[in-house]
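The values are calculated or read from the model by the stated rules, or taken from the named source; none is laboratory data. Predicted model, so just to flag it, every value in this text is computed and none were measured. So basically every Cβ, Gly included, is an ideal-geometry build from the backbone, and we count neighbours across all protein chains shown.
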Amino acid sequence: MRIIAFKPALLSLATLAMAGCSSGGLLDRDRPDEFAVQRQAPLVIPPDFNLVPPTDGAPRPAGGTASEQALDVLFGGPAARSSVETSVLDRAGEAAPGIRSSVGSEKTNTVAKGRVTRDIIAAPEGDGQAAQAVIPG
């Protein structure tokens with residue numbers, strides 16, 4: 001007997017649930033139009049109809065590399081070199097073409113800074129009042 005009484009209640013509950021999904025009827029809701037939220041920009045006819053597609057391998061019309069574009073955005077373009085920087089670059093001269101290979105060779109003398117740098121970084125912070133110098137003997 002209980003099953004017979006349960007079926008009409010289940011049927012009416014399902015009907016109410018489906019009515020909530022419909023767009024009309026008892027449970028109708030006013031919803032905003034999602035296309036009316038933002039105004040659409042008007043279509044603009046381009047002023048130049050003589051544009052041609054770019055050719056393969058041609059440089060971009062925007063010009064410049066990514067680093068040049070970043071400098072331009074961040075700092076307003078490349079800054080002029082100071083007189084000191086120009087003087088240092090003039091005195092340095094041009095680098096030898098094979099400098100990278102000769103620097104990496106076994107005959108190149110280098111300074112091992114690993115232990116000293118690690119000791120400096122690991123030194124405790126302070127004002128230096130209790131600092132001591134140790135001279136290896």
>> I'm trying to understand the selection: among the residues of region 69-80, which are surrounded by 10 or more Cβ atoms within 10 Å (Cβ to Cβ) and aliphatic (A, V, I, L, M)?
In response: A70, L71
> Just checking, which of S87, S101, S105, S83 is exposed (fewer than 10 other Cβ atoms within 10 Å of the Cβ) and modelled with pLDDT of 80 or more?
Replying inline: S83
> Which residues, taken from region 108-119, are exposed (fewer than 10 other Cβ atoms within 10 Å of the Cβ), more than 34 Å from the chain's Cα centre (by Cα) and not in a loop (DSSP other than H, G, I, E, B)?
Replying inline: R115, D119
> Looking at region 56-68, which of its residues are surrounded by 10 or more Cβ atoms within 10 Å (Cβ to Cβ) and modelled with pLDDT of 80 or more?
Replying inline: E68
